[in-house]
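Report on the structure given below.
Here, each number is a calculation from the coordinates, and none is a lab measurement. Just so it is clear, the structure is predicted and the values come from calculations on it, not from any experiment. All Cβ positions, glycine included, derive from the backbone under ideal geometry; neighbour counts span all protein chains shown.
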Amino acid sequence: MNFSDIHAAGAPILMAVGGCVVLLTDLASKRSATRKFGTFLAILFCVAAMVCSYTLAGQLRTAFSNGIAVEGLVVTMQILLAAIAAVTIVASSEILQSFHLPKGEYRALIMLASAGAMVLVQSLDLVNAFVGIEIMSVAFYVLAGYRRAQAASEEAGAKYFLMGAFVSAILLFGIALIYGSVGLAMKANGLELPQGYSFTNIVTISKAIHDVPGFGTSPLFLLGAVMLVGSLMFKAGVAPFHMVAPDVYQGAPAPIAGFLATTSKVAAFTILMRFFTIMAGADTGAAFKVIVIGFALLSIIVGNTGAANQKSIKRLFGYSSVAHAGYIVLGLLASLGAESQAAAITAVTFYIVAYAITTIGSFAVVAWLGKDGEDADAISAYRGLGKRNLGAAVTLGIFLLSLSGIPLTVGFLSKLGVFMALLSSGGTWIAVVALIGSAIGLYAYLRVISEMFFYDSSQQETASSDGASKLVAVSAATLVIVMGVFPSQALLPSFEASVAAPPVSGDEVK
Amino acid sequence: MNELILVIVALPLIAAVLASLVQEKSAKSIAILGSAIACLVSIFGITTGGTIDRGFHHVFNAPWLPKLGLMFSFGLDGMSSLLVLLTTFLTVIAVIVIPAPKSAVRAYYLSILVAGALTNVAFASLNILLFYIAFEAALIPVLMSIGMFGGGDRSKAAIQFFVFTVIGSLLLLSAIIGLRIATGTFDYLTLKDLVAAGVVDPSLLRWFAIASFIAFATKAAVVPLHAWLGRAYINTPTGMLLLLSGAMAKLGVYGLIRFTLPLGGEFAESLVPLIVTLGAVSVIYGAFVAAAQTDIKAVIAFSSISHMGYIVIGAVVGDDAARSGSVLQMLNHGITTGALFICCDFISRYRGSRQVTALGGIWSDSPLFSRLLLLFTFSSVALPLTNGFVGEFLILLGAFHKFPYQTAIASAGAVGSAVYMLWMIQRSIYGGSKSEGSKVISLGVSERSVLLALALMIIGIGVAPSPLLAIASDNGHKVGAAMQPEVK
């Protein structure tokens, strides 16, 4: 371990240290003084993590005995994760105040969850990935149930914990199976373990997949791979493991729901992307691909139909997140094709960023319109909003149009990218099913637009006091439009970086 | 002058932004000013000028997202310049003659101006992805306009309209992406050359033909993809309805002529008998449904299905005269139906009802108005010396020798239209007023001049159609054009 190693892992380290510092400062100082200062301190560390990550852009380096790797994709995702954490901390100050919830712990939990997610996105060794996912998940369980006085929130936390802990065990089992299968295969074929890499390292697995004949279709490995992929899909809220997502999003306060929905997807899909790139072009038999197609289409259908008749807007966003996870999996599917891989990685990255911005913004509107910290959750509460609060209605309208993939929003471009990658890998009928799903989803989003603009309301003006949420929502809406019209100016350079430096493949070893 | 189309699009958009910022009472003047200048400018579009590329003039190219193949590529031929002119013209009369709802004046003008501008982007686009983006984005202002300012059933109408048309256009999107993957370009002219040269995978072209046909037929409300139309038209506020029925529905026929047939390969040719048959069915179906209505707005709305049936037949039948007639008839339908919807709006505003059972007495109360309305009706039933006659006659003439049965059936629809339109006029205009205390329809100066201008156009095109026909015949389908790529 040297300075270079620490620099490579700088972002998660800064977030973790920041979490501890925030927690200790909160402990040491008087309650009233900490509100502003704690937020400031937390933001400071988030920004430091972003800067640290940014200094690593444009190069490919591994650290901690090849346990982690940093390249364009990791930098993009770490910056995004830090930004999500910072925005969540800013947007939550109002609800924490209203419910008299402890603030120091809250900020610390957000930052620790973010640190775990960052470890996950940069891990090259599956054991590191497991450590990352646990750090992230444990913080998530607490956050989901953070409003202890409210039954729904407690229920969400308990459900999330029980399911999550179970899935972690499966993940670990999958990693163990992969470890065993890689070791056996390499021994049997007289292959050397690459110098400085362990059996659970992505690079070793890649070598086994590509150099050992028949390894990709060996039952032991495939079982391990399916367990690994399946449990990561759970973390990302992909159907059929989606049951907990709508409950959690409805139970948790809106800013937390936004944080959980985005951070988990960013982290899980990034590590999945890495795993899928080593599977690309390898002979893994039909079964693996079929399972992935199943995940994608099931999510799209279940998510969109589930969203169609919700009464609660947070549940609607919960189901919508399932559907969007499905589209991301479609992109992952395209990344299995050797030719469409580069396009697919760009598309998935763009999709994740776009989804994160839209979702954070949507939940921020829910918090913005809330009263006394209670979210404006019932869709009926949005009736006539266009007349009462035009700004909020237009902002939410932009997010809904983006979620349904209408042109001139970022949602259109991200769907376009995924479909282009998918069709160039030859999945025509899959694309058609996905398009049908989109049409169903469209109805769900239009219902809310219709409530907001097409009806008069009998309700009184809702005086919104949550300035922070308002700020977050409006800036996210601006980004949605700007990125939908001129994505190149806003974000495309970083994606190109991620494609220019593809995730480590077996070639690096030789 | 290559930036012509940018000016035509930008002026209403600038006016839209300004109109939504200023005070409510100035919004209308700004909207009129912006759309009127755009309309005047678009007259220059029908003259050949600027850079010329493979039959298109005023060709303009600028990158938008070159990595995705998305470019600001514009160009006009006779057909698209006429349709751009129609759109800008309808935008002007919509803002002049139809008063904005009091609840949200600025949003109302914003939606109309943006819808018109995006429709023009679609008509003038030579990049097929840009076309798609405009085609779909133009739905948002219509959605909002129906939902916010529409009739009693507005929420349902808006959602139904939007979901129906978006499903169609999503299919189109998948087909466009397929073409891009096969050819590496979204550029229309390049695609056309490649398809004509026969180097594109036929199975892709088949998918493109099917998907684009569904998308465009939905837009043009061809039976059986017309289900959104009735509720949508009846509930759309008249100003937006002028654009929706007059200009945006034409995007469907335009798409068939411009994209489905040239880019769909041989399979698209084999779809023609089906499309012609569906067109003939639309003519008859529209006539029957219109005849059964008692709401005059509904009569005109369903008569649109019937009229679009003719236009679709002429567009696809593969005869030059019929296609020119079809393009001209798109213009005519925009003018005539627009005029009828405006009259309908006056009647419901002054008389408080659109039901034929509650009207009557207008002929004696409002002589000028009712005579103009009669003229518009004549144009709608395609009486000789009105514009409708020229278009329908050319379509039927050109279609007859290729599809005699379908054309014969469609011709019967012309009789039908005379029946239901004149019956509607007879019940709503003549006789004594059927409801007490109804107001007399009095036209202001601007309203009167708009209606007179429309009447002049109707007679003008009917008497001397040849200049417009010459322009309409320039629609990218010269004889044999599908067989060999044109040389630059």
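Model label sites at A:VAL290 and A:LEU223, defined 7 Å from Cα along the beta-carbon direction, differ in position by 1.8 nm.
As an exercise, identify the chymotrypsin sites (Phe, Trp or Tyr not before Pro) in the stretch A:277-366 lying in DSSP coil whose Cβ has no more than 16 other Cβ atoms within 10 Å.
Counting only loop positions with at most 16 other Cβ atoms within 10 Å, none of the chymotrypsin sites (Phe, Trp or Tyr not before Pro) in the stretch A:277-366 qualifies.
Relative to the longest principal axis of the Cα atoms of chain B, the long axis of helix B:188-197 lies at roughly 50 degrees. Counting neighbouring beta carbons within 10 Å and listing from fewest to most, the residues A:SER362, B:SER417, B:SER433 come out as B:SER433, B:SER417, A:SER362.
Close amide-amide hydrogen proximity is noted between B:VAL223 and B:SER282, each under 5 Å apart and 5 or more residues distant or on a separate chain (H modeled in the peptide plane; Pro and chain starts excluded). Backbone phi angles across the stretch A:110-123, fed through the Karplus curve with coefficients 6.51, -1.76 and 1.60 (θ = phi - 60°), yield HN-Hα couplings of 4, 5, 5, 4, 5, 4, x, 4, 5, 4, 4, 5, 9, 7 Hz in residue order; Gly and Pro are listed as x. Among the chymotrypsin sites (Phe, Trp or Tyr not before Pro) found in the stretch B:1-71, not one is both in a DSSP coil and sparsely packed, with 14 or fewer other Cβ atoms within 10 Å of its Cβ.
Here A:ARG148, B:ARG54 are placed in order of increasing Cβ neighbour count within 10 Å, fewest first, which gives A:ARG148, B:ARG54.
Over chain A, what relative contact order in percent results from Cα pairs under 8 Å that are six or more residues apart?
Values: 920 pairs, mean separation 80.9, N = 510.
Averaging sequence separation for qualifying contacts and normalising by length gives 16 percent for chain A.
Between the amide H of A:ILE68 and those of A:ALA63, A:LEU124, distances stay under 5 Å, these residues lying 5 or more places away or on another chain, with hydrogens modeled in the peptide plane. Once you reduce the stretch A:215-259 and the stretch B:204-246 to the center of their Cα atoms, the two points are 41 Å from each other.
Which whole-number percent gives the relative contact order of the stretch B:275-488, counting Cα pairs below 8 Å spaced six or more residues apart? Don't jump to the answer; show the numbers that get you there.
On the way: 330 pairs, mean separation 64.2, N = 214.
The normalised contact order for the stretch B:275-488 reaches 30 percent.
Using the Cβ atoms and a cut-off under 10 Å, what net charge is assigned to the surroundings of B:ARG258, where Lys and Arg are +1 and Asp and Glu are -1?
Working: positive: B:LYS192; negative: B:ASP77.
Net of charged neighbours comes to 0.
Taking other Cβ within 10 Å of each residue's Cβ, how do B:ILE300, B:ILE30, A:ILE6, B:ILE284 sort, fewest first? It would help to have the intermediate numbers written out before the result.
Numbers: B:ILE300 29, B:ILE30 22, A:ILE6 13, B:ILE284 18.
Fewest-to-most Cβ neighbours within 10 Å comes out as A:ILE6, B:ILE284, B:ILE30, B:ILE300.
Cβ under 14 Å from B:PHE346's Cβ, B:PHE346 left aside: what net charge do those residues give with Lys, Arg +1 and Asp, Glu -1?
On the way: positive: B:LYS297, B:ARG349, B:ARG351, B:ARG354, B:ARG371, B:LYS439, B:ARG448; negative: B:ASP345, B:ASP365, B:GLU447.
Once positives and negatives cancel, what remains is +4.
Per residue of B:176-182, other chain Cβ atoms within 10 Å of the residue Cβ number 4 on average.
Each of A:SER380 and A:ASP211 was given a label point 7 Å from its Cα along the Cα-to-Cβ line. The distance between the two points is 6.6 nm. Close Lys pairs in the stretch B:275-488, defined as Cα atoms under 24 Å apart and 8 or more places apart or on different chains, number 4. For the peptides B:336-342, B:179-185, the ranking by packing is B:336-342, B:179-185, with the highest mean count of neighbouring Cβ atoms within 10 Å listed first.
Shown here for the stretch A:1-108: trypsin sites (Lys or Arg not before Pro) in loop regions (DSSP other than H, G, I, E, B) with at most 16 other Cβ atoms within 10 Å, namely A:LYS30. Which of the residue pairs A:LYS311/B:LYS28; A:LYS371/B:LYS25; A:LYS159/A:LYS371; A:LYS235/B:LYS156; A:LYS235/A:LYS387; A:LYS415/B:LYS28 have a Cα-Cα distance greater than 32 Å in the structure shown? The pairs that break the limit, which is 32 Å between Cα atoms, are A:LYS311/B:LYS28; A:LYS371/B:LYS25; A:LYS235/B:LYS156; A:LYS235/A:LYS387; A:LYS415/B:LYS28. Computed across the protein assembly as shown, the Kirkwood radius stands at 30.1 Å (inverse of mean 1/r, all Cα pairs). Axis angle, to the nearest 10 degrees, between helix B:105-124 and the longest C-alpha principal axis of chain B: 40 degrees. The alpha carbon centroids of the stretch B:284-357 and the stretch B:19-78 are separated by 27 Å.
For chain B, the longest principal axis of the alpha carbon atoms and the long axis of helix B:320-351 meet at an angle near 30°. Where in the stretch A:365-393 does the amide nitrogen come within less than 11 Å of the point 7 Å from the Cα of A:ALA152, taken along Cα to Cβ? Label zone hits: A:374-379.
Contact order, relative form, for chain B: 15 percent (alpha carbon pairs under 8 Å, 6 or more residues apart, mean separation divided by residue count).
Our estimate of slack between B:LEU383 and B:LEU422, defined as 0.36 nm per intervening residue step minus the Cα-Cα distance, is 12.9 nm. Amide H contacts for B:PHE60 (H built 1.01 Å from N in the peptide plane; partners 5 or more residues away or on another chain; cut-off under 5 Å): B:PHE74, B:GLY75. Given the rule -39500 (n - 2.57) for each run of at least 4 DSSP H residues, summed and divided by the residues of chain B, what is its mean residue ellipticity at 222 nm, to the nearest 500 deg cm²/dmol? -23000 deg cm²/dmol, from helical runs alone. Note on the stretch A:403-484: Cα-only Rg and Dmax are 17.1, 53 Å.
Helix-only estimate, please: 222 nm mean residue ellipticity of chain A, summing -39500 (n - 2.57) across DSSP H runs of length 4 or more and dividing by its residues, to the nearest 500.
Working: 21 runs with 381 residues, N = 510.
One gets -25500 deg cm²/dmol as the mean residue ellipticity at 222 nm.
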